[in-house]
Amino acid sequence: QVQLVESGGGLVQAGGSLRLSCAASELPFSIYVMGWFRQASGKEREFVAAISRSGDTTYYSDSVKGRFTIARDNAKSTVYLQMNSLKPEDRAVYYCAAKFGASVRQYDYRYWGQGTQVTVSS
């Protein structure tokens with residue numbers, strides 16, 4: 001059974017940084033595009049970032065571009081989200097997800113983690 005397990009969330013002050021990790025199991029990790037999404041309370045889940053199978057292509061939402069960096073380590077079956085210059089509006093539950101196929105710009109993700117809470121205080 002495929003599992004995606006996020007970690008690294010927590011409470012941080014505005015302007016601070018956090019690094020999220022997502023470890024995959026029972027998944028041929030290197031053939032999946034990996035992405036991060038987030039859902040704030042009372043809002044719909046939104047796309048944050050995606051990374052290609054090899055890691056050479058990344059794609060970000062406008063709201064995080066320049067502040068967040070997605071990376072992956074295929075040997076460890078893990079994807080990361082480095083979040084810098086955090087703002088109160090970044091507060092949300094962050095989910096990692098996996099999709100088959102090559103495009104980082106399509107959101108047809110098949111597998112999802114349970115999420116990790118990120119809280120940013122002002």
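The values are calculated or read from the model by the stated rules, or taken from the named source; none is laboratory data. In this text the structure is predicted, and so the values were computed from the model without any measurement. Here the Cβ is made from the backbone with ideal geometry for all residues, glycine too, and neighbour counts use every protein chain on show. Side chains included, ligands, DNA and RNA excluded: accessible areas come from the protein's heavy atoms. Shrake-Rupley method; radii C 1.70, N 1.55, O 1.52, S 1.80 Å.
The solvent-accessible area of ARG53, taken with every protein chain present and a 1.4 Å probe, is close to 90 Å². Only Lys, Arg, Asp and Glu carry charge here, each on its Cβ (+1 for the first two, -1 for the last two); on that basis the chain has a dipole of about 80 debye about its Cα centre. Extension gain for GLN114-GLN39 works out to 25.8 nm (0.36 nm per residue, less the C-alpha to C-alpha distance). Within the accessible surface of the chain, defined with a 1.4 Å probe on protein heavy atoms only, the carbon and sulfur portion equals 43 percent. Structural size metrics of the chain, computed from C-alpha coordinates, are Rg and Dmax of 13.3, 40 Å. Note on exposure: SER21, SER122 ranked by accessible area (1.4 Å probe, complete protein assembly) read SER122, SER21, with the most exposed listed first.
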